[in-house]
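Below is one structure, written out as structure tokens; comments come after it.
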Amino acid sequence: MQPAADHVSKERLWQRLMAMARHGATSAGGVNRQALSAEDIAARRELIDWGAQLGLIAHADDAGNLFLRLQGRDPDAAPVLSGSHLDSQPNGGRFDGVYGVLAALEAVQAIQESGQPHARSIEIVAWMNEEGSRFAPGMMGSSAYAGAASLAQLLAVRDAKGISVATALREVDASLPTLPRRALGRPVAAYVEAHIEQGPLLERHGFSVGVVSGMQGKRTFRVTIAGEPAHAGTSLRAERKDALLAATATIQALAAALHDREDVVKFTVGRLEVKPNAPSVVAGEVVFSIDLRHPDAGTLTELGDKIAGICARAAQPCAAQVEELVSAVPLQFPASMRDLVRASAADLGLPTMDLLSAAGHDARYLNDICPTAMIFVPCKDGVSHNEAESATPEDLYDGTRVLAQALLALAQ
Ligand code: GLV
Ligand code: MN
Ligand code: MN
């Protein structure tokens with residue numbers, strides 16, 4: 001019997017990636033496939049169809065996660081899961097997330113074709129709303145699955161048009177074939193997620209496969225600056241409460257405080273909403289996002305805890321309200337799972353490099369409930385969350401072969 005990894009097809013994987021990239025394709029060569037959108041529904045339909053062609057059994061859960069199951073010899077044993085997400089940022093690339101889902105599909109097909117027996121079932125999973133762009137925060141599906149977030153609270157989150165996650169999920173369900181339901185938190189034997197690195201290290205050091213040691217921590221906040229709308233021509237400067245001026249001063253104060261020479265602290269304000277957003281009205285309210293990341297738990301706590309005080313001072317004469325959305329500590333994946341990925345690559349003659357994930361992934365929440373690992377492959381110049389995101393068929397293939405080897409070992 002040929003090893004399962006020998007059945008991984010570089011061409012098939014690439015063709016599926018390019019087919020998926022049509023759902024939400026942008027004119028600049030990227031993808032805009034935000035969570036639970038029509039494009040996301042089309043991508044889900046395509047994935048279900050591909051699974052059906054292989055005889056995989058599709059399931060859904062109440063958080064909008066989608067599973068495709070290759071049955072093992074012991075159907076009652078907890079399955080091995082592998083996947084990532086199909087949703088993208090508004091200016092996303094063709095590989096972030098979708099690679100992990102399609103690498104899992106390719107690995108499962110290779111295992112199936114190899115005829116290698118496995119006791120545990122292997123399931124491909126597409127987690128709902130990893131990116132957190134249309135509906136914040138992200139990683140909704142995986143955090144609900146792992147019990148780290150309340151599904152009821154996530155279902156109530158609304159997008160900019162006022163559509164709730166619950167409504168959008170009903171739309172998804174109505175648009176797809178009815179799938180059998182799975183309970184959230186169903187036991188998982190192990191989880192392995194393949195992903196592009198989204199940073200430059202593997203490419204710079206010449207490795208096609210990275211063993212992810214862990215993930216840096218992240219805290220996200222929503223800041224509301226309350227001012228007073230006023231006439232741009234008639235209101236006196238001394239009496240204005242200009243929420244936009246206060247917000248820009250606050251953001252500058254935050255950027256100065258949440259900064260280190262070494263560029264380890266990552267502070268980003270990526271979204272600003274101005275009300276009423278009219279040229280001749282002094283802004284009455286501004287809402288902005290904060291994404292703060294650091295690999296050290298103590299530093300992340302210390303820096304994040306400064307935010308409310310900085311906002312209160314810098315926003316005057318306006319009032320600042322700071323709401324924390326996510327507090328995710330830095331984590332390490334278990335040594336046994338890292339060793340398994342390294343050994344799987346070594347079996348295939350592929351050298352690997354260990355590296356920390358600076359980006360967030362659904363693997364964060366799976367790591368709370370089962371042994372978890374991640375496999376990284378390089379992307380061009382480390383560019384991601386950008387339509388120019390690019391990866392080579394060869395590197396994507398290497399990562400998928402390692403994934404197939406690791407999944408089979410876990411399922412046997
Ligand atoms: C995930 O998309 C992240 O922003 O880290
Ligand atoms: Mn991703
Ligand atoms: Mn992303």
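The values are calculated or read from the model by the stated rules, or taken from the named source; none is laboratory data. Remember, predicted model here, so these are calculated numbers, not experimental data. FYI the Cβ positions are ideal-geometry reconstructions off the backbone, even for glycines, and counts take in every protein chain you see. Ligands, DNA and RNA are excluded from the accessible area calculation, which covers all protein heavy atoms including side chains. Shrake-Rupley method; radii C 1.70, N 1.55, O 1.52, S 1.80 Å.
Figures for the structure shown
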| quantity | calculated |
| --- | --- |
| Compactness of the range 121-266 - radius of gyration and Dmax, Cα, Å | 21.9, 70 |
| Overall form of the range 15-142 per C-alpha gyration tensor (a/c, 1.5; a/b vs b/c) | prolate |
| Shape category assigned to the range 356-401 from the gyration tensor of Cα positions, a/c cut at 1.5 | oblate |
| Helix-only mean residue ellipticity at 222 nm for the chain, each DSSP H run of n ≥ 4 adding -39500 (n - 2.57), per residue, nearest 500 | -10500 deg cm²/dmol |
| Exposure ranking of 342, 182 by accessible area [1.4 Å probe, largest first] | 342, 182 |
| Those lysines that a straight Cα-Cα span of less than 22 Å connects to residue 218, excepting residues fewer than 8 apart in one chain | 266, 306 |
| Ordering of 375-385, 234-244 by burial proxy (mean other Cβ atoms within 10 Å per residue, highest first) | 375-385, 234-244 |
| Percent of beta bridges antiparallel (DSSP, the range 1-139, rounded to nearest 5) | 65 |
| Degrees, to the nearest 10: 38-53 long Cα axis against longest axis of the chain | 10 |
| Value of Rg/Rh across the range 301-394 [Cα atoms, Kirkwood radius] | 1.13 |
| Gaussian network model of the chain, springs between alpha carbon atoms under 10 Å - residue of 179, 356, 13 with greatest fluctuation | 179 |
| List 1, 128, ordered by accessible area with a 1.4 Å probe, largest first | 1, 128 |
| Viscosity 0.692 mPa s, 37 °C: Kirkwood-radius Stokes-Einstein D of the chain over Cα pairs, µm²/s | 148 |
| Prolate/oblate/rounded call for the range 98-148, Cα gyration tensor, a/c under 1.5 rounded | oblate |
| Inter-part distance where the range 98-113 and the range 314-379 are each reduced to a Cα centre, Å | 21 |
| Nearest-0.05 FRET efficiency for residue 252 and residue 332, computed from C-beta distance (R0 30 Å) | 0.30 |
| Approximate spin-label separation residue 213-residue 176, in nm, with each point projected 7 Å along Cα-to-Cβ | 3.7 |
| Among 270-282, 296-308, the order from most to least packed when residues are scored by Cβ within 10 Å on average | 296-308, 270-282 |
| If the convex hull is drawn through the Cα atoms of the range 234-274, its volume per residue in Å³ | 72 |
| Relative contact order %, the chain, counting alpha carbon pairs below 8 Å whose residues are six or more apart | 24 |
| The chain - share of DSSP beta bridges that are antiparallel (%, nearest 5) | 65 |
| Top of 215, 140, 18 by mean-square fluctuation, Gaussian network on the chain, Cα under 10 Å | 18 |
| Candidate residues 158, 45, 219: accessible-area rank, largest first, probe 1.4 Å | 158, 45, 219 |
| Residue-by-residue Karplus 3J(HN,Hα) for the range 358-371, coefficients 6.51, -1.76, 1.60, Hz, glycine and proline x | 7, 9, x, 8, 4, 4, 3, 7, 5, 4, 6, 10, 7, x |
| Between 0 and 90°, nearest 10: helix 393-411 axis offset from the chain longest Cα axis | 70 |
| Label-to-label distance, nm, for residues given as residue 49 and residue 150 (7 Å Cα→Cβ offset) | 4.0 |
| Rounded accessible area of residue 118 (nearest 10 Å², 1.4 Å probe) | 20 |
| Principal-axis tilt of helix 10-20 within the chain, Cα atoms, nearest 10 degrees | 40 |
